[in-house]
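J.: Quick one: this structure, given as structure tokens, is what I'll be asking you about.
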Amino acid sequence: ALGVRQRRREPAREALARAEAKAKAMHKSEEVTGVAVSLNEELLKLGFEGGSTIIIINRETGDTEQWTGFSEDKSIKSCYVPFFKHPYHAALLDSWKKGENFLVSTIKGDEKRSLDEHYFTTGYKVFPESDKKWMREMDSVTFSHAFMKYGAIHWGPGHLTEEQLRILQRFSKVFEQS
């Protein structure tokens, strides 16, 4: 059984090493998009389904700066998303401030529609219409966050296993050290 677990961890270790090299080579904030795209690719290779975002949170305001790795347009820089009164944003900020490791949120119905509206009229307004279309068409999303000192690595829109959450946490620590 130990050999099986070690073989399963090896691809994650290799993916972490590649992500860490990419993050350490970053010298300017404009390069975070490339790291986000690389992070997304590595997680997809590990069997994750969906897409990732690097989120930096302003401790005082709750505003976020987000770099996505999943958009059809890989040249999008960062997306500034101001805090707004919404259960998801409140839980994200509260969990991060408390120093929690993870937050998993399922959002549906009017809560999801109001979140979509906020994102698509603020930072995500620059997203290609094709991305906005598939995001709006989803009735429900589950967002998983692995927190770090500066914010979180986000994955969505589907559920992650416990093992995938641990891998996401390891990736967030790699980014934190860069």
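J.: For the chain, what does the helix formula give at 222 nm: sum of -39500 (n - 2.57) over DSSP H segments with n ≥ 4, over the residue count, nearest 500 deg cm²/dmol?
T.: -15500 deg cm²/dmol
J.: Check cross-link reach from K77 to the aspartates and glutamates: straight Cα distance under 13 Å, and skip same-chain residues fewer than eight apart.
T.: Result set, ordered by chain and number: E30, E31, E65.
J.: Solvent-accessible area of T121, probe 1.4 Å, all protein chains present, reported in Å² to the nearest ten, please.
T.: Surface accessible to solvent at T121 totals approximately 80 Å².
J.: Taking the Cα atoms only, what angle lies between the long axis of helix 32-45 and the longest principal axis of the chain, rounded to 10 degrees?
T.: It works out to around 60 degrees.
J.: Could you pull out the pairs from K85/K125; K97/K133; K45/K173 whose alpha carbons sit more than 30 Å apart here?
T.: In this structure, K97/K133 exceed 30 Å between Cα atoms.
J.: Out of residues 5 or more away from S52 or on other chains, whose amide H comes under 5 Å of its own, with H placed 1.01 Å from N in the peptide plane?
T.: Amide H neighbours of S52, under 5 Å, 5+ apart: G69, F70.
J.: For the chain, what relative contact order do you get, as a whole percent, if you take Cα pairs closer than 8 Å and at least 6 residues apart?
T.: 23 percent
J.: Do any trypsin sites (Lys or Arg not before Pro) in region 100-178 lie in a DSSP loop with no more than 15 other beta carbon atoms within 10 Å, and if so, which?
T.: Taking region 100-178 and a limit of 15 other Cβ atoms within 10 Å, the loop trypsin sites (Lys or Arg not before Pro) found are K149.
The values are calculated or read from the model by the stated rules, or taken from the named source; none is laboratory data. Since this is a predicted model, take the numbers as computed values, not measurements. Don't worry about glycine lacking a Cβ; one is built from the backbone with ideal geometry, like all the others, and counts go over all protein chains shown. The protein model used for the area step is the full one, side chains on, heavy atoms only, and it has no ligands, DNA or RNA in it. Shrake-Rupley method; radii C 1.70, N 1.55, O 1.52, S 1.80 Å.
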